[in-house]
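Report on the following structure.
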Amino acid sequence: MNALILVDLQNDFLPGGALAVPRGDEVIAAANRLQPHFPLIVATLDWHPPDHGSFASNHPGRRVGDRVELDGVPQVLWPDHCVRDSHGARLAPSLHTLSIARAFCKGVDPRVDSYSAFRDNGRRTDTGLGDYLRDRGVTDLFVLGLATEYCVRATALDAAAYGFATWLFEDGCRGVESRPGDVAAALAEMERAGVRRIASKTWLSERDRGADRSTLASGRYLRLMRSGRWEYAERSNATGVVVIVPTTVDDAFVLIEQYREPLGRRCIEFPAGLVGDAPGDEHEELITAVRRELMEETGFAAADVKLLGEAVPSAGLTSERVAVFRATGLCRVAAGGGADGELIQVHLVARGALREWLDRRRAEGIEIAMSLYGGLWLAERETR
Ligand SMILES: [Zn+2]
């Protein structure tokens, strides 16, 4: 389920307010336009006591913009803002508020600031937002508000860390940019953490198109779907797909070769598999699936597993997204070969010999998976 989180759309952060974000008022229209399309909407409120430690006025001799430590946590000093129950702390008058299910207050403890709507900057106290969203079945969290590089950034990063698929409406955010480049750096950091950026207009138009989506046929593992004039396949029995780039201590890649029904011939691939496809195991974590598939298919156990990136294997054919992992510190503990008579053949190919080896296999009529080429690129980028 989708939920929309409106971050700090309060008077003090709007033009004319005590801590005004330049053009902060421009995000209200996006917030109002999006609200009718979300089944659950929550707002966050910066809600400080007058003696809050983030106020420069509470640090004699200090000025706004100074950097201090607050109970061991780095803190930028701000002008007095969003003092609880004051006009500045109220939500923007032009914001539609009837559909907001709940507001979460943050920064209520004078000893610590709280940029994230989930927990304070010292990560000591949780606001309960994470449990609130999970209890209501929220899987995808859409974030907008003020300011991009502070409360929006911290909230989006925590949303991803708490396990929500997290989206940022980029036209629904504005930044302070007290140092040039702050906003760009925050956007890049969010992107690295898996937060997806999207324009509200794009999301709304794609949503409209998705409304006429229908199922043409359903099998045990796949559904054939139609959206407008487009037909594509969707998995019905898994929560994700992992591809694993395994390298041995002497720098050889572990590849697998197996007969693939759709092709009618054999194919060379990196080990890969579905996540959460075993009955009763719908909540399987990606990393667990990586270790399980690697063991089943190749017989190798990995000391280290690391996410390299996410990509889509065939955007026109399927809605599938693939998470690509690197596996190192390999130790062979079983024969491999796959489950249920998959008859997987395992190849160890030295990095330096890989290109020629793949070309030769290709010439023999063996197919090469696109995920192999993609995985190699992601792994290569990682080692640079
Ligand atoms: Zn504040």
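Pick from the stretch 257-314 the residues that are in a helix (DSSP H, G or I) and not aliphatic (A, V, I, L, M): which of them is farthest from residue 365 (Cα to Cα)? Let's see the steps before the verdict.
Filtering the stretch 257-314 for residues in a helix (DSSP H, G or I) gives 286-298.
Pick out the ones that are also not aliphatic (A, V, I, L, M) and you get 288, 291-293, 296-298.
Details: 288: 34, 291: 30, 292: 30, 293: 26, 296: 26, 297: 22, 298: 23 Å.
Here the answer is 288.
Can you confirm whether residue 162 is surrounded by 15 or more Cβ atoms within 10 Å (Cβ to Cβ), within 14 Å of the ligand (Cβ to nearest atom) and of a type outside the set (A, V, I, L, M, F, W, C)?
Working: surrounded by 15 or more Cβ atoms within 10 Å (Cβ to Cβ): yes; within 14 Å of the ligand (Cβ to nearest atom): no; of a type outside the set (A, V, I, L, M, F, W, C): yes.
For residue 162, the condition - surrounded by 15 or more Cβ atoms within 10 Å (Cβ to Cβ), within 14 Å of the ligand (Cβ to nearest atom) and of a type outside the set (A, V, I, L, M, F, W, C) - is not met.
Identify the residue in the stretch 65-87 that is exposed (fewer than 14 other Cβ atoms within 10 Å of the Cβ) and not basic (Lys, Arg) and, among all such residues, is modelled with the highest pLDDT. Step through it out loud before you land on a result.
Here is the first cut: in the stretch 65-87, the ones exposed (fewer than 14 other Cβ atoms within 10 Å of the Cβ) are 65-67, 69, 72, 74, 85, 87.
Narrowing further to those that are not basic (Lys, Arg): 65-66, 69, 72, 74, 85, 87.
Working: 65: 91, 66: 93, 69: 91, 72: 88, 74: 92, 85: 94, 87: 97.
That would be 87.
Being open to solvent by 70 Å² or more (accessible area, probe 1.4 Å) and in a strand (DSSP E or B) is the filter; apply it to the stretch 225-256 and report the residue that is nearest to residue 349 (Cα to Cα). Spell out the reasoning first.
Here is the first cut: in the stretch 225-256, the ones open to solvent by 70 Å² or more (accessible area, probe 1.4 Å) are 226, 229-231, 235, 239, 249-250.
Those left that are additionally in a strand (DSSP E or B): 226, 230-231, 235.
Numbers: 226: 41, 230: 40, 231: 38, 235: 32 Å.
Checking each candidate, the answer is 235.
Hey, among 153, 111, which residue is within 16 Å of the ligand (Cβ to nearest atom) and over 18 Å from the mean Cα position of the chain (by Cα)?
Values: 153 fails: over 18 Å from the mean Cα position of the chain (by Cα).
It is 111.
Would you check which residues across the stretch 55-112 are among the small types (Gly, Ala, Ser) and farther than 30 Å from residue 34 by Cβ and list them?
We begin by selecting, within the stretch 55-112, every residue among the small types (Gly, Ala, Ser); these are 56-57, 61, 65, 72, 86, 88-89, 92, 94, 99, 101, 103, 107.
56, 57, 61, 65, 72, listed by residue number.
Somewhere in the stretch 367-374, is a residue in a strand (DSSP E or B) and either open to solvent by less than 50 Å² (accessible area, probe 1.4 Å) or in the same structural domain as residue 248 (by TED's automatic domain parsing) (or both)? Please lay out each step first, then the result.
Step one: list which residues in the stretch 367-374 are in a strand (DSSP E or B), which gives 367-368.
Still in the list and also either open to solvent by less than 50 Å² (accessible area, probe 1.4 Å) or in the same structural domain as residue 248 (by TED's automatic domain parsing) (or both): 367-368.
There is at least one residue in the stretch 367-374 that is in a strand (DSSP E or B) and either open to solvent by less than 50 Å² (accessible area, probe 1.4 Å) or in the same structural domain as residue 248 (by TED's automatic domain parsing) (or both).
Taking the stretch 79-108, which residues are within 12 Å of the ligand (Cβ to nearest atom), within 18 Å of residue 153 (Cβ to Cβ) and either touching a Pro at 6+ places or on another chain (Cβ under 8 Å) or not basic (Lys, Arg) (or both)? Outline the logic, then answer.
Of the residues in the stretch 79-108, the ones within 12 Å of the ligand (Cβ to nearest atom) are 79-84, 88-89, 105-108.
Checking which are within 18 Å of residue 153 (Cβ to Cβ) leaves us with 81-82, 106-107.
Across the stretch 79-108, the qualifying residues are 81, 82, 107.
From 124, 153, which residue is modelled with pLDDT under 95 and either in contact with a helix residue (DSSP H, G or I) (Cβ under 8 Å, 6 or more places away or on another chain) or outside any helix (DSSP H, G or I) (or both)? Don't jump to the end; show me each part of the working.
On the way: 153 fails: modelled with pLDDT under 95.
Of the residues listed, the single one that is modelled with pLDDT under 95 and either in contact with a helix residue (DSSP H, G or I) (Cβ under 8 Å, 6 or more places away or on another chain) or outside any helix (DSSP H, G or I) (or both) is 124.
Is one or more of the residues making up the stretch 55-65 within 15 Å of the ligand (Cβ to nearest atom), within 30 Å of the chain's Cα centre (by Cα) and not in a loop (DSSP other than H, G, I, E, B)? I'd like the intermediate steps shown before the answer.
Going residue by residue through the stretch 55-65, those that are within 15 Å of the ligand (Cβ to nearest atom) are 55-59, 64-65.
Pick out the ones that are also within 30 Å of the chain's Cα centre (by Cα) and you get none.
No, because not a single residue in the stretch 55-65 is within 15 Å of the ligand (Cβ to nearest atom), within 30 Å of the chain's Cα centre (by Cα) and not in a loop (DSSP other than H, G, I, E, B).
Give the residues of the stretch 277-328 that are closer than 18 Å to residue 372 by Cβ, in contact with a strand residue (DSSP E or B) (Cβ under 7 Å, 6 or more places away or on another chain), of a type in the set (S, T, N, Q) and open to solvent by 30 Å² or more (accessible area, probe 1.4 Å), sorted by residue number.
Within the stretch 277-328, just 328 meets the criteria.
Return the pair list, or none, for Cβ contacts closer than 9 Å from residues in the stretch 112-141 that are closer than 28 Å to residue 240 by Cβ and open to solvent by 10 Å² or more (accessible area, probe 1.4 Å) to residues that are part of a loop (DSSP other than H, G, I, E, B) and within 16 Å of the ligand (Cβ to nearest atom), at least 6 apart or on different chains.
Sorted first by the residue in the stretch 112-141, then by its partner, the pairs are 119/125; 119/127; 123/116; 126/118; 126/120; 128/118.
Is it fair to say residue 31 is hydrophobic (A, V, I, L, M, F, W, C) and surrounded by fewer than 22 Cβ atoms within 10 Å (Cβ to Cβ)? Outline the logic, then answer.
Numbers: hydrophobic (A, V, I, L, M, F, W, C): yes; surrounded by fewer than 22 Cβ atoms within 10 Å (Cβ to Cβ): no.
Spelling it out, it is not the case that residue 31 is hydrophobic (A, V, I, L, M, F, W, C) and surrounded by fewer than 22 Cβ atoms within 10 Å (Cβ to Cβ).
The values are calculated or read from the model by the stated rules, or taken from the named source; none is laboratory data. Computed from a prediction, not measured in an experiment: that's the story for all the values here. Every residue, glycine among them, receives a Cβ derived from its backbone with ideal geometry; neighbour counts consider all protein chains shown. Ligands, DNA and RNA are excluded from the accessible area calculation, which covers all protein heavy atoms including side chains. Shrake-Rupley method; radii C 1.70, N 1.55, O 1.52, S 1.80 Å.
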